[in-house]
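Just below is one structure, and these are the notes that go with it.
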Amino acid sequence: MAEPSNGTFTVDISAGLEKIPISAINSISNEAPATFFYISHIQYLGKYQLDPPPGCDCVGPCSDSQKCACVMKNGGKIPFRKIGGLIEEKPLIYECGPSCKCPPTCRNRVGQHGISFRLQVFKTTSMGWGVRSLDFIPTGRFVCEYIGELLDNEDAQERDNDEYLFLIGNNYYDVSRWDNLQKTIPSLRNGPGEEEENFFAVDALKCGNLARFINHSCTPNLFTQNVLCDHDNKGMPHIMLFPCEDIQPLEPLAYDYNYTIDGVHDSEGNIKKKRCLCGSVECSGWLY
Ligand SMILES: C[S@@+](CC[C@H](N)C(=O)[O-])C[C@H]1O[C@@H](n2cnc3c(N)ncnc32)[C@H](O)[C@@H]1O
């Protein structure tokens with residue numbers, strides 16, 4: 001006979017590392033999430049020297065002014081609204097960083113402050129664990145960063161388990177996608193730089209944050225945004241997740257994993273296939 005299932009509940013899988021506890025609930029069986037090290041900051045490889053950018057000299061919070069070096073890097077406008085919502089998706093966003101003179105309350109510091117909504121890991125019926133919000137999240141407000149170990153392409157290829165690997169797809173120069181927008185971001189005007197010849201990935205298999213549990217959907221409610229704040233290397237931006245629509249309490253969070261169908265291979269070079277179980281009416285049928 002099957003074991004009675006009372007479910008499991010963990011008060012805070014981050015063990016205090018996030019400002020807000022991240023609970024985990026399983027109402028389907030007695031299984032708890034598999035063990036991993038919870039970290040709240042990206043782990044960079046020692047071989048990459050990542051120095052903080054010079055920063056702005058603003059005395060108070062930054063504003064849309066040519067005097068602010070960070071605003072200029074963003075094409076002359078702070079990309080966030082006064083209450084912290086991202087105005088629109090951009091190829092790249094420069095937040096104020098550790099060398100900037102502006103205060104922590106500056107409007108151009110959003111993702112670096114971490115999670116501000118109550119997010120919960122929960123057991124789904126068909127896709128393993130997933131993440132939902134216990135709060136209403138308005139469009140554009142910061143949800144969380146995809147955190148793990150930052151790997152270069154070579155190291156990423158050697159990982160046997162790629163389930164928690166986020167490939168930092170460098171879409172800055174995809175003109176059809178960004179149309180005229182990239183012209184407003186000065187650092188993108190000259191095309192790919194040397195540092196973008198290397199491709200990077202974030203692996204959250206052994207260590208990561210709650211974002212490792214967010215599933216794929218063919219009609220996602222989140223999108224990923226490249227953000228630079230503590231260093232200037234465009235090849236390895238932070239991957240920040242923002243909602244593309246208002247998110248209701250208990251609605252599962254999902255972004256588009258953006259895999260190319262028949263573009264995922266096993267270690268022997270064979271094409272790997274996985275059915276998509278997102279349940280959307282517009283589901284393509286395949287995750288990869
Ligand atoms: C980053 S993990 C997401 C969390 C995962 N569900 C878990 O239980 O840890 C990615 C894996 O979740 C599963 N997954 C995510 N979205 C899916 C989808 N739409 N359809 C099928 N499986 C999905 C796949 O096994 C995928 O390799």
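The values are calculated or read from the model by the stated rules, or taken from the named source; none is laboratory data. For clarity, every value in this text was computed on a predicted model and none was experimentally measured. Positions of Cβ are backbone-derived with ideal geometry, glycine not excepted, and every protein chain shown enters the neighbour counts.
Numbers below:
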{"quantity": "Residue check for F223: closer than 21 Å to F36 by Cβ and aromatic (F, W, Y)", "calculated": "no"}
{"quantity": "In the range 161-171, residue surrounded by the fewest Cβ atoms within 10 Å (Cβ to Cβ) [restricted to those that are under 15 Å from G263 (Cα atoms) and within 14 Å of the ligand (Cβ to nearest atom)]", "calculated": "E163"}
{"quantity": "Matching residues, the range 136-160, being part of a loop (DSSP other than H, G, I, E, B), surrounded by 17 or more Cβ atoms within 10 Å (Cβ to Cβ) and more than 14 Å from the ligand (Cβ to nearest atom)", "calculated": "G140, R141, F142, V143"}
{"quantity": "Residue pairs meeting the criteria (Cβ under 7 Å; at least 6 apart or on separate chains; first closer than 13 Å to L92 by Cβ, in the range 157-175; second within 16 Å of the ligand (Cβ to nearest atom))", "calculated": "I168/A201; I168/V202; I168/I239; G169/N258"}
{"quantity": "Residue among S126, S116 that is within 15 Å of the chain's Cα centre (by Cα), modelled with pLDDT of 95 or more and hydroxyl-bearing (S, T, Y)", "calculated": "S116"}
{"quantity": "Filter result (away from the ligand (no atom under 12 Å from the Cβ), among the β-branched types (V, I, T) and either within 20 Å of L241 (Cβ to Cβ) or exposed (fewer than 15 other Cβ atoms within 10 Å of the Cβ) (or both)) within the range 173-211", "calculated": "V175"}
{"quantity": "Output for the range 1-57, where each listed residue is within 19 Å of the chain's Cα centre (by Cα) and either farther than 21 Å from R212 by Cα or acidic (D, E) (or both)", "calculated": "E18"}
{"quantity": "Filtered residue count, the range 273-283, keeping only those that are near the ligand (Cβ under 10 Å from one of its atoms) and on the phi < 0 side of the Ramachandran plot", "calculated": "7"}
{"quantity": "Breaking point among (1) charged (D, E, K, R); (2) more than 11 Å from the ligand (Cβ to nearest atom); (3) modelled with pLDDT of 95 or more, for K234", "calculated": "(3)"}
{"quantity": "Tally, over the range 117-131, of residues that are charged (D, E, K, R) and crowded, with 18+ Cβ neighbours inside 10 Å", "calculated": "1"}
{"quantity": "From K273, K234, residue being surrounded by 14 or more Cβ atoms within 10 Å (Cβ to Cβ) and either basic (K, R) or more than 19 Å from the chain's Cα centre (by Cα) (or both)", "calculated": "K234"}
{"quantity": "Those residues of the range 242-256 which are surrounded by fewer than 18 Cβ atoms within 10 Å (Cβ to Cβ) and of a type outside the set (D, E, K, R), in sequence order", "calculated": "C244, Q248, P249, L250"}
{"quantity": "Exclusive hit being away from the ligand (no atom under 11 Å from the Cβ), buried (at least 22 other Cβ atoms within 10 Å of the Cβ) and touching a residue at least 40 places away in the same chain (Cβ under 8 Å), set I239, I214", "calculated": "I239"}
